[in-house]
Every structure is written in C-alpha cells, then in structure tokens.
Amino acid sequence: MNTLLSVRDLELVGHTASGPRTLVDGLSIAVSEGESLALVGESGSGKSITALAIMGLLPEAEVTVGGGRIEFSGESLLDLSALERRRIAGNRIAMIFQEPMTSLNPVMRIGDQIVEMIRAHERVSLRAAMARAAELLADVRIPEPAMRLRAYPHQLSGGQRQRVMIAIALACRPKLLIADEPTTALDVTVQAQILALLRDLQQELAMAMLFITHDLGVVANIADRVAIMYCGQLAETGSVKEVFRTPSHPYTRGLLHCVPNASAELDELVAIPGQLPSASESLAACRFAPRCPLADTICHRTPPPTVAVSAVHFCHCHHAGGVAVP
Amino acid sequence: MNQPDDPQAPLLEVDALTVTYSLPSQRLFGPARKFDAVDRVSLSIGQGESFGLVGETGCGKSSLSRAVCGLAPVSRGAVRFNGTDLTSIGRLELQSVRRNMQMIFQDPGGSLNPRMRAGGLIAEPLEIHGVGDCGSRRQRVLDILDSVGLSRDDADRYPHEFSGGQRQRVAIARAVVIEPALILADEPVSALDVSLQAQILNLVAELRRKLGLALLFVSHDLNVVRYLCSSVAVMYLGQIVEKGPTRAVLGSPRHPYTRELVASSPVPDPGRPIRLLAPAGEPPNPAAPPEGCRYHPRCPYATAKCSVDGPEIRHIDGSRHVACHHAERIAELEENLT
C-alpha cells in the first residue's frame, strides 16, 4: 500500500517562560492509504501537538517546528506557504476534536456550518452545498437530516454533535481523517456507536485515519496499527495484534497491565511507578528511564535505538532484544 | 465510633430514596418544574463492603452518592447509617454522623482549598471533629502521608505544587485520616492519566483492606468497578436496573441495559471487539423519562407490556436483583436476535 502521510524525525519545540523545551523528539510515523493508525499516549506525550503540526494549526507563538519533515501524498507540507497549506487542511486532511461543543459555532445552524466548509474548498452553489450537507448528515446516520440542518448545536445531544463534526470533516471527502480523542467526552454506549460509525465510514470512503487516544481499549477497536508515545518520544509501533499480544517496550507492557481487565481478575494492578515528568524537569535520553524497571545508565545517556521485533513491529528501547535497525 | 448492636446489620441502608431537584420554570411566574434525579432507589452496604455504582451521564449515580451524605435534596425515602436515619436528624447530629462518612471527589483541584498547605488540609477533619490535640494531630498527618505514598515534606506544600495524581492522594489522605467507616468516592480516578489510575486504585484497595473501610464507589468505568468492588448496582435514568455481586452482574448481566453497557465497554484486546446491542441513539433526557420501563425505547426486547408497565426491581438468582420483565429469558432473547 502507498504511504499517504509520512512524518520523519519531527521535532517540536515549546516556548515557555522558562525557556525552550522539546515537546516532540524525533518522531517518525507513517500512515498508508486507507489504513487506521492509533497514536497513543498520556497527557504531555505530544500526540495532540503532532496532529496540530500535521494540520498546520500549531500556535506559533508557543510551539515551533524544530526539524524533520511531514509529507502528504509526496508533498512536503512544511515547505508550503500558509495559503497552500490551507488548500490541503480541511480538504484532503480533515480533523475532528474531543469536545464538539467548543469546535462548533454555537450561534450558527449546523447546515450553515457544513456548507461553510464545502464552499471554502469548492465552487458550488449554496443550494447544491445544502443538498450535500443533508447527504452528509445522512452519511453519519443522523435521523431526519433535512430537518436537522436547521438545528443549532445546543439542540443536539453530545453524540449527535460529534456526528455533525464528523460530517463537517468528511464534507470534502478527505484522504486522511485526524481524530483527536473524538470519543473521550462521550458515554461508553455512545462511544461504541461513534467508533462503529468511524470504522464504517473509513471503509466506505477508503479513507486513512490517524486516531489519537489514551485508551488502549479504544485502540483495540479502531486501529490496524498503533504507535505508542511517551513524553514526546515514540516507544513502540506495530500492528495492533502484535503490540497487544507481545508488547516489547516496558512502557507498553506497563500500560497494558495497569488497566483493570475483564478477563484477568488480579488482586493488585501492576502500576507504573512514579509520575509523568513535570514541565520544568530535565529529561533523560530515554524519557521513560526514570520510571522503567529495566533502566540502567545507558538509558539515561543514550537515546534508545530502533529495534525490529518483527517485520511489522518496532520498539525503541535499549533492552528490547531483537535486531537493531540502523 | 459507635458500633451497631447487630454486626450483621448493614452499615448504610438506602431505602426508596428519591432525590428531587427544582428546575427553573419555563415561563415567568410559571410553576416550578420538578425532576427526580434519583427515583425510589434502595441499596445496602455492609461493614467493610465495597459497592460500585455504575451508569452513564445523568443516570443519577452522583446525586445518589451526594444524597447519602446530605449534599443533595432528598424528597422521599430514608438513608440509614448505622441505624440512624440521616434524613430526619438535625445539622449538628448530621455533622457527628459524618465523622464516619467521608467523600473523595473527581477533581482534587476543585475540592482542595488552594490557600491551605497539604498538612493543614489533612488535619482539618481532625480539627473539625475534635480528634486529639495539636501534637497528636501532627503525628497522625505525618503517618497518613506515609500511607498514601507522599513524603513528609509534602505537608508544607500547596495543592498547586502537586501533580494531579498527588493531589488525589492528598484528597484520599484527608478522607481516611479520621478513620471513617464509609468512604463515598465519586469518579476519583476519571481525571487521571492511565498510568496513575492504577496507583490510586491500588492505594484505595490497600487502605480499604487495612482500615476495614466500606466503600461506595461511583464510576462510569466497568473495568475499574470490576477490580475494586464486590457488589455493584447499575443505574439508568434515576433507577437501579440491576444489582448484585459484581462477578454475576458484569459477568452475565440479566438486564438488557447492563448487557448493552458491558458489550460496548472497550477492552484492550483486539480479539474481543465491542458489540452494539441496542439501536443507535442515546438515553433520553432524564428530566422527562419515558413511560413504563425507562429503557424500553432503546431496548431490543421490549414488548407492549414494557411501554406501559414499569418493572419493579425483583430478586432473580443468588443475591441478584433485576428490574426487567424479561430477565429470566434475556440470554435466549439475545440469541434469537442475532
């Protein structure tokens, strides 16, 4: 399959009152056409800021790109002008966010919001755009779409608002959908519906998806491949099946064991000791070293190598075993 | 602590409790509207028992736990704690009962006074209830800091100097410092990162064993309840639809809503995907619940009876209670459907 999105050695630097700080450190991920990749991490792992960098939505006063490349369909996004990037963002790459209420305009009817998106990228008449909007609402399984076009966001439930967000994102038939924790604010039964909807739409439209989440349960249900981040570094990437069956990075293993699991009735959860480093702490070469049970001096000094666990499974750890990839 | 005469008697008994909120009227000078967030709910928690209360947004689980400690308006029913009905006693008496009943909230940032140091925050319950003198309180605070995994130096720090997980530890220390008989915990780990959740859950489980605390644990996360609680009640639109031993209720649910909840909870195992059992849609507005069984508009097994006759919660098997007309045949009905 062709690579649609490729992020290589991306470095993002945050500018705070206490000086510059590396937020994302040498991140490399790739999404093939039609594939669903989950980007997993806790708060501060850099997963959302990576998504914003791909969309060209970084708050420039606070975060800048320190290095690396982002390529979409072979085009280097970081070399484009702001105007050229806007042609791509929203059109060929679309994004949905966690809280639909804050990303929808509260004083605009949802039909107008979908039309706005369509007409920003295509020259079509208002009437044609409105008809497309109704079709889009039907696509995201909103009942009585023609009537719903006239509703305001506050008249919809949380799940329906997220469906509207998805409809807006799909308005220009993007090749890639970036979904940043789209179900985190929803109840589980509604989350299940939205996940099923995204899965269906992704297949119907042969669209690739970059799904950002902290929930490994959601990953197991939505993604073909998974990339796990810790404090701006990639810890492990691979097919969901392999990473969940044979996790190779100590952080991945920790994450899988510290979630109470329906099948394993444990007396005690195996918690990852310590806590995420605070914004002022200096970072070890391997970010996870201070909390890692396997860490030794090399982990604090030398950045971890990329190790191939299998052809579709890579781990970034000094102690993972396997074959180092140059 | 005043021990009940009968050691078998439940510590907390909630009896047909109804919590009613007033909503603003729709017209100026119009009649005030009422809304039962919790509707005739009964449950009991034994000494040292851990009881989970699960459900989705707006199901009334938080209102129920708040009503237990007098923080939500009770319109009917009773809350008996060690045999005393809390809804019929005065403020002063209630305060002395509350010594044995402490709360932990979801957001420790909002429930800890930002201008007090951790040591002062933890000592506050001791002061309010007049436990010990200044010196013994200080010692008690230092001891409890150890047992919640904070260092003794942390006593002098302010809430903003702690991370989210540490703040929740302070909140827990504050709740257990006077050794209550019951802890009411409302989503205490939902705001924390996954790797910290496990630490806090282990801490709660450990303190519970060590101090013999009973726990009413409110959560939307079935996996957490499965780990922490021996009994569980599932709420839907203000009512308990199923309650009993956790293993039975979440392992082989008998109420269609519990089945939907279990099937749609994601597990980190690609071999066990979530399943959609109910038709697309969301729970209706809790302020205007449907007639009959409240779940019937979403229930795939609903019959004509369900839309007129709301089922009472009844005993099914073991110590499980279910509020469904079809509870006995639910597995069979589900099989026919798929």
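Determine the shape class of chain B: with a ≥ b ≥ c the square roots of the Cα gyration tensor eigenvalues, call it rounded for a/c under 1.5, and otherwise prolate if a/b is greater than b/c, oblate otherwise.
On the way: a/c = 1.86, a/b = 1.56, b/c = 1.19.
Note, shape of chain B comes out prolate.
Taking 25 °C and 0.890 mPa s as the conditions, I'd like the Stokes-Einstein D for region A:247-326 in µm²/s, using the Kirkwood hydrodynamic radius from alpha carbon pairs.
Details: Rh = 14.0 Å.
The calculation lands on 175 µm²/s.
Give me the distance between the Cα centres of region A:206-255 and region B:157-234, rounded to whole Å.
Value for the Cα centre distance between the two parts: 27 Å.
For region B:107-120, in order, what is each residue's ³J(HN,Hα) by Karplus, 6.51 cos²θ - 1.76 cosθ + 1.60 with θ = phi - 60°, in whole Hz (x at glycine and Pro)?
Residue by residue, region B:107-120 yields 10, x, x, x, 9, 9, 4, x, 9, 10, 6, 3, x, x Hz.
How far is it, in nm, from the label point at residue B:252 to the one at residue B:211 when both lie 7 Å from their Cα along the line to the Cβ?
Between residue B:252 and residue B:211, the label points sit 3.7 nm apart.
Residue separation times 0.36 nm, minus the C-alpha to C-alpha distance between residue A:119 and residue A:69: what's the value?
Computed gain between residue A:119 and residue A:69 is 15.0 nm.
Let's test the formula: R0 of 60 Å, r as the Cβ-Cβ distance of residue B:129 and residue A:245. What FRET efficiency results, to the nearest 0.05?
Numbers: r = 52 Å, r/R0 = 0.87.
Computed FRET efficiency for residue B:129 and residue A:245 comes out at 0.70.
Please report Rg (one decimal) and Dmax (integer) in Å for the Cα set of the protein assembly as shown.
In Å, with Rg to one decimal and Dmax whole: 26.4, 80.
DSSP beta bridges in the protein assembly as shown, what fraction antiparallel, as a percent rounded to 5?
Numbers: 64 of 101 bridges.
About 65 percent, rounded to the nearest 5.
Springs between alpha-carbon pairs under 10 angstrom, Gaussian network model over chain B: which of B:130, B:52, B:83 fluctuates most?
Looking only at B:130, B:52, B:83, the largest GNM fluctuation is found for B:130.
Relative to the Cα centre, what is the charge dipole magnitude of region A:247-326, using +1 at the beta carbon of each Lys and Arg, -1 at the beta carbon of each Asp and Glu, and rounding to the nearest 20 debye?
Working: 4 positive and 5 negative charges, 69 e Å.
About 340 debye.
How big is the dipole moment of chain A about its Cα centre under a simple scheme where the beta carbon of each Lys and Arg is +1, that of each Asp and Glu is -1, and everything else is neutral? Debye, nearest 20, please.
On the way: 28 positive and 33 negative charges, 167 e Å.
About 800 debye.
When the Cα centres of region B:261-282 and region A:86-111 are compared, how far apart do they sit, in Å?
That distance is 27 Å.
On a 31 Å Cα-Cα criterion, which of the cross-link pairs A:47/B:243; B:61/B:305; A:241/B:210 come out too long? Display every interim value, and only then the final one.
Numbers: A:47/B:243 39 Å; B:61/B:305 27 Å; A:241/B:210 40 Å.
Over 31 Å apart, Cα to Cα: A:47/B:243; A:241/B:210.
With the crude spin-label approximation of a point 7 Å out along Cα→Cβ, what separation in nm comes out for residue B:334 versus residue A:80?
Result: 4.7 nm between the two label points.
Can you tell me how region A:29-93 classifies by the Cα gyration tensor, rounded, prolate or oblate, using a/c under 1.5 as the rounded cut? Please report the intermediate quantities before stating the final value.
Working: a/c = 1.76, a/b = 1.08, b/c = 1.63.
Oblate, since a/c reaches 1.5 and b/c is not below a/b.
Of all the C-alpha pairs in chain A, what % are more than 32 Å from each other?
Working: 16751 of 52975 pairs.
When every Cα pair of chain A is considered, 32 percent fall beyond 32 Å.
What residues qualify as long-range amide H neighbours of residue A:122, i.e. H under 5 Å apart, gap of 5 or more or another chain, H built at 1.01 Å from N?
Amide H neighbours of residue A:122: none.
So, with +1 on the Cβ of K and R and -1 on the Cβ of D and E, and no other charges, what is the size of the charge dipole of the protein assembly as shown about its Cα centre, to the nearest 20 debye?
On the way: 65 positive and 71 negative charges, 212 e Å.
The calculated dipole for the protein assembly as shown is roughly 1020 debye.
Multiply the residue separation of residue B:115 and residue B:285 by 0.36 nm, subtract the distance between their alpha-carbon atoms, and state the gained length in nm to one decimal.
Values: separation 170, 0.36 × 170 = 61.20 nm, distance 3.88 nm.
Full-extension gain reported as 57.3 nm.
In what sequence do B:243, B:305 fall when counting other Cβ within 10 Å, fewest first? Kindly include the intermediate steps, with their values, before the conclusion.
Details: B:243 27, B:305 13.
The order, fewest Cβ neighbours first, is B:305, B:243.
Taking neighbour counts of Cβ atoms within 10 Å as a proxy for exposure, in what order, fewest first, do B:61, A:241 appear?
Details: B:61 28, A:241 16.
Result, fewest neighbours first: A:241, B:61.
Exposure proxy check: A:165, A:108, B:101 ranked by fewest other beta carbons within 10 Å?
The fewest-first ordering by Cβ neighbours comes to A:108, B:101, A:165.
Return the FRET efficiency for the residue pair residue B:26, residue A:282: r is the Cβ-Cβ distance, R0 is 45 Å, and the value is rounded to the nearest 0.05.
E between residue B:26 and residue A:282, to the nearest 0.05, is 0.15.
At most 14 other Cβ atoms within 10 Å plus a DSSP loop assignment makes a site exposed; report the longest stretch of chain A without any exposed GluC sites (Glu not before Pro). It would help to have the intermediate numbers written out before the result.
Details: sites that count: A:60, A:62, A:122, A:265, A:268, A:281.
Between exposed loop sites, the widest span is A:123-264.
According to the Kirkwood expression over distinct Cα-Cα pairs, how big is the hydrodynamic radius of region B:190-302, in Å?
15.9 Å
Report the FRET efficiency, 1/(1 + (r/R0)^6), for residue B:312 and residue B:89, where r is their Cβ-Cβ distance and R0 is 45 Å, rounded to 0.05. Let's see the in-between values first.
On the way: r = 29 Å, r/R0 = 0.65.
Here the calculated transfer efficiency is 0.95.
Find which of A:223, A:190, B:204 sits farthest along the positive direction of the dipole of the protein assembly as shown, computed with +1 on the beta-carbon of Lys and Arg, -1 on that of Asp and Glu, about the Cα centre.
Positive-end residue among those listed: A:190.
What nm distance separates the two modelled labels at residue A:87 and residue A:52, each placed 7 Å from Cα along Cα→Cβ?
Calculated label separation equals 2.6 nm.
FYI, it's all coordinate maths here, none of it is from the lab. Keep in mind that what you see is a predicted model, and the values were worked out from it rather than measured. Cβ atoms come from the backbone with ideal geometry, glycine included; neighbour counts cover every protein chain shown.
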